[in-house]
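Worksheet: the structure to be examined is printed underneath.
The values are calculated or read from the model by the stated rules, or taken from the named source; none is laboratory data. Just so we're clear, the structure is a prediction, and the values are computed from it rather than from any experiment. When we count neighbours, we look across all protein chains shown, and the Cβ atoms used for this are built from the backbone with ideal geometry, even at glycine. Quick note on the areas: whole protein, heavy atoms, side chains included, nothing else; ligands and nucleic acids left out. Shrake-Rupley method; radii C 1.70, N 1.55, O 1.52, S 1.80 Å.
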Amino acid sequence: MKAKIIDGKAIAATIREEIRQDVARMREAHGRVPGLATVLVGARKDSETYVRMKKKACAEAGIESFGHELPGDISQEDLLAVVKGLNADPAVHGILVQLPLPDHIDDEAILAAISLEKDVDGFHPLNIGRLSMKRRDPLFVPCTPKGCIELLDRSGIEISGRNAVVLGRSNIVGLPVAMLLLHRNATLTVCHSRTADLPAMVRQADILVAAVGRPEMVRGDWIKPGAAVIDVGVNAVDDADDPRGYRLVGDVAFDEAREVAGAITPVPGGVGPMTIAMLLRNTTDAAARALDRG
Ligand code: GUN
């Protein structure tokens, strides 16, 4: 039996419509809308694309966005000054510093400078620290991991008591999604490049989250029949048949895995659209909290 396709694009569209309505209600009740500041340092093509998509999504939801495009050779001090200015700006409810930052910048110091109440990416060390402890609610949870959980929830996939395997241990996805699964009472295994017999570990997974950035590494015969597969990978591979000369594939060999899995996200159109929807959610929640504080 073929797996159910988890349509992240459709689920994200539903969430974005929910947010658009929340924003409209906020405008009506308070005469205010959420504001997101985006900070882009340098000229990485992928980062430019992500920030452009985030700003466009804000506009569609009625969220104001403030773009800060800064030169790649900006000093640590000047970048810190930009973040502090945004912390002090009452029109800005959320601050997103697009990662990765150039090598000469200490990214942890920059992320730590973001006001906790405006940390809509959830990467502030205190929010990450709270995420890593029991019963210490972070103010915000990182967007891609939160989107993975939302996909499972909105697809009716039970997490509690099931074997979850996370492939990858990055700060942006692998580690935080692992913590979220644990908080939801999954039995958790985190696999990485040194894991012995990866296929055998992955075969234990009722829920697999693949976030390693290796094109189609997970084969169909690694998947437990009926498992839920969340593929976070976005990898460009050469494809002479595609007008762009490349196509995007996930970390999972989709055509093989869909023959075995119970449910699976496609790439593109799975996790990707959820990251932006969760950013809009966090920004709107940040604005609601700020309005509550008066
Ligand atoms: N780079 C890759 N993913 C992300 C993300 O979710 N947020 C930010 N700020 N940078 C990223």
query = What are the ³J(HN,Hα) values, in whole Hz, obtained from phi via the Karplus relation 6.51 cos²θ - 1.76 cosθ + 1.60 with θ = phi - 60°, for each residue of the stretch 273-280 in sequence order, with x given for Gly and Pro?
reply = x, 6, 4, 5, 4, 5, 5, 5
inquiry  = Can you tell me which of G272, G168, G42 moves the most in a GNM of the chain? Springs connect C-alpha atoms under 10 Å apart.
reply    = G42
key: Förster-model FRET efficiency, 41 Å R0, E69 and D221, C-beta, rounded to 0.05   = 0.35
ask   = On average over all directions, what projected area in square nanometres does the chain have, based on the convex hull of its Cα atoms?
value = 16.1
query = Length gain on complete extension for the stretch D153 to R194, per 0.36 nm per residue less the alpha carbon to alpha carbon distance?
reply = 11.7 nm
remark   = For D78 and K4, extending 7 Å from Cα along the Cα-Cβ vector and measuring point to point gives, in nm, a value of 5.2
inquiry  = Need one number: % antiparallel among DSSP beta bridges in the chain, to the nearest 5.
reply    = 10
inquiry  = Give me the one-decimal nm value for the distance between modelled label points at D89 and E259, 7 Å along each residue's Cα-to-Cβ direction.
reply    = 5.3
query = Could you list log10 I(q)/I(0) for the stretch 1-117 at q = 0.22 Å⁻¹, which the Debye formula gives when each Cα is one point scatterer?
reply = -1.22
Computed over the stretch 49-120, Cα set: Rg, Dmax in Å = 12.4, 36
query = Which FRET efficiency value, to the nearest 0.05, is calculated for Q204 and R32 with the Förster distance at 51 angstrom and r the Cβ-Cβ distance?
reply = 0.55
query = Do any of K45/K84; K54/K118; K146/K224 go past 18 Å between their Cα atoms, and which?
reply = K45/K84; K146/K224
message = Give me log10 I(q)/I(0) at q = 0.15 Å⁻¹ for the stretch 114-253, Debye formula, one equal scatterer per alpha-carbon, no solvent.
response = -0.76
ask   = Sorted by accessible area (1.4 Å probe), largest first, how do H68, H30, H93 line up?
value = H30, H68, H93
